[in-house]
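Asker: Let me begin by handing over the structure; questions about it come next.
The values are calculated or read from the model by the stated rules, or taken from the named source; none is laboratory data. Everything numeric in this text was worked out from a predicted model, so none of it was measured. Cβ placement follows ideal geometry from the backbone for every residue including glycine, while neighbour counts extend to all protein chains displayed.
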Amino acid sequence: MIDPDTGEALAQADDVLRPNPAVLLGGAVTIGVISALSLPWTAAIASTVLGTLMVAGAEVDARTFLLPDPITWGAVVCGIVAAPLLDAEASWITAGEAMVRAGCVAIILALFRGGYAWIRRSEGLGLGDVKLAAAIGAWLPVEAIPLCFGLATSAALLMVMFAHLKGRPVTRTTRIPFGTFLCPALWIVFYVDHVTR
């Protein structure tokens, strides 16, 4: 039997982790229009799917400091499925490469996460960021992955600088929703990579 209080708490937690429908719809439509006007149809569809997932992830992470599994794992799976569709000449090879990249990028970020926690004795990155790193590996070519992390980190540092300039206290323990910066960075780098091909 389910405890009514526990069931209610779980339902509230699920509601909190759902993206804001207005933000999600507005972001999806904007990204869909931009993609349809500037990319070939397969890339436009992939860009719209990725962009919609990233809008959802950024919005939820900004509010809760959490990246829900349906968004992160959904992005990983969609990236692996999209890989052969975006490169018809080497279809199944690209799916395998996407899986390998996803695993490697997730392992690297997990090691970074573990190292930071060991040195600082506190968590610096959440597991959601590690799963999102797998999505980055699935969607982006190897040479674009550092650019994605660099863009997200630069945006996060700018936010911290602006907060400091506005007089908000910024310390070593100040929490930053890194996924809020990593999600848009992934879509931007994917989009630019496909526009410039």
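Asker: Determine whether the range 27-40 contains at least one residue that is more than 17 Å from residue 82 (Cα to Cα), in contact with a helix residue (DSSP H, G or I) (Cβ under 6 Å, 6 or more places away or on another chain) and free of Cβ contacts under 8 Å to residues at least 60 places away in the same chain.
Answerer: Within the range 27-40, one or more residues are more than 17 Å from residue 82 (Cα to Cα), in contact with a helix residue (DSSP H, G or I) (Cβ under 6 Å, 6 or more places away or on another chain) and free of Cβ contacts under 8 Å to residues at least 60 places away in the same chain.
Asker: Tally time: how many residues in the range 53-90 are buried (at least 23 other Cβ atoms within 10 Å of the Cβ) and within 20 Å of residue 22 (Cα to Cα)?
Answerer: Within the range 53-90, residues that are buried (at least 23 other Cβ atoms within 10 Å of the Cβ) and within 20 Å of residue 22 (Cα to Cα) number 10.
Asker: Oh, and also: Any residue that is small (Gly, Ala, Ser), more than 27 Å from residue 27 (Cα to Cα) and in contact with a Pro (Cβ under 9 Å, 6 or more places away or on another chain) - is there at least one of those in the range 103-110? It would help to see each step written out before you state the result.
Answerer: The first filter runs over the range 103-110 and keeps only residues small (Gly, Ala, Ser), leaving 103, 106, 110.
Subsequent filtering for residues that are more than 27 Å from residue 27 (Cα to Cα) retains 103, 110.
Narrowing further to those that are in contact with a Pro (Cβ under 9 Å, 6 or more places away or on another chain): none.
No - not one qualifying residue is present in the range 103-110.
Asker: Would you tally the residues in the range 167-181 being over 11 Å from residue 155 (Cβ atoms) and in contact with a helix residue (DSSP H, G or I) (Cβ under 6 Å, 6 or more places away or on another chain)? Give the derivation first.
Answerer: Here is the first cut: in the range 167-181, the residues over 11 Å from residue 155 (Cβ atoms) are 167-175, 177, 179.
From what is left, the residues that are in contact with a helix residue (DSSP H, G or I) (Cβ under 6 Å, 6 or more places away or on another chain) are 170, 177, 179.
Final tally of qualifying residues: 3.
Asker: Ok, one more. Hey, which of the helices (runs of 4 or more DSSP H) in the range 35-125, taking only ones fully inside, have at least 2 residues that are of a type in the set (Asp, Glu) and on the phi < 0 side of the Ramachandran plot? First the steps, then the outcome.
Answerer: Numbers: elements: 41-64, 69-86, 91-120.
Answer list for the range 35-125: 41-64.
Asker: Pick from 37, 50: which is touching a Cys at 6+ places or on another chain (Cβ under 8 Å), at pLDDT 95 or above and farther than 14 Å from residue 128 by Cβ?
Answerer: Details: 37 fails: touching a Cys at 6+ places or on another chain (Cβ under 8 Å).
Checking each option against the conditions leaves just 50.
Asker: Within the range 138-171, work out how many residues are part of a loop (DSSP other than H, G, I, E, B) and either without any contact (Cβ under 8 Å) to a residue 12 or more places away in the chain or buried (at least 17 other Cβ atoms within 10 Å of the Cβ) (or both). Give the derivation first.
Answerer: Of all residues in the range 138-171, those part of a loop (DSSP other than H, G, I, E, B) come to 140-141, 166-171.
Those still in the list that are either without any contact (Cβ under 8 Å) to a residue 12 or more places away in the chain or buried (at least 17 other Cβ atoms within 10 Å of the Cβ) (or both) too: 140, 166-171.
Of the residues in the range 138-171, 7 are part of a loop (DSSP other than H, G, I, E, B) and either without any contact (Cβ under 8 Å) to a residue 12 or more places away in the chain or buried (at least 17 other Cβ atoms within 10 Å of the Cβ) (or both).
Asker: Now for a different question. If we keep just the residues of the range 178-197 that are buried (at least 18 other Cβ atoms within 10 Å of the Cβ) and in contact with a Ser or Thr (Cβ under 8 Å, 6 or more places away or on another chain), which is farthest from residue 73 (Cα to Cα)? Explain how you work it out, then say what you get.
Answerer: Initial filter on the range 178-197 (buried (at least 18 other Cβ atoms within 10 Å of the Cβ)): 178-187, 189-191, 194.
Now restrict to residues that are in contact with a Ser or Thr (Cβ under 8 Å, 6 or more places away or on another chain): 181, 187, 190-191, 194.
Numbers: 181: 18, 187: 16, 190: 18, 191: 20, 194: 23 Å.
The qualifying residue farthest from residue 73 (Cα to Cα) is 194.
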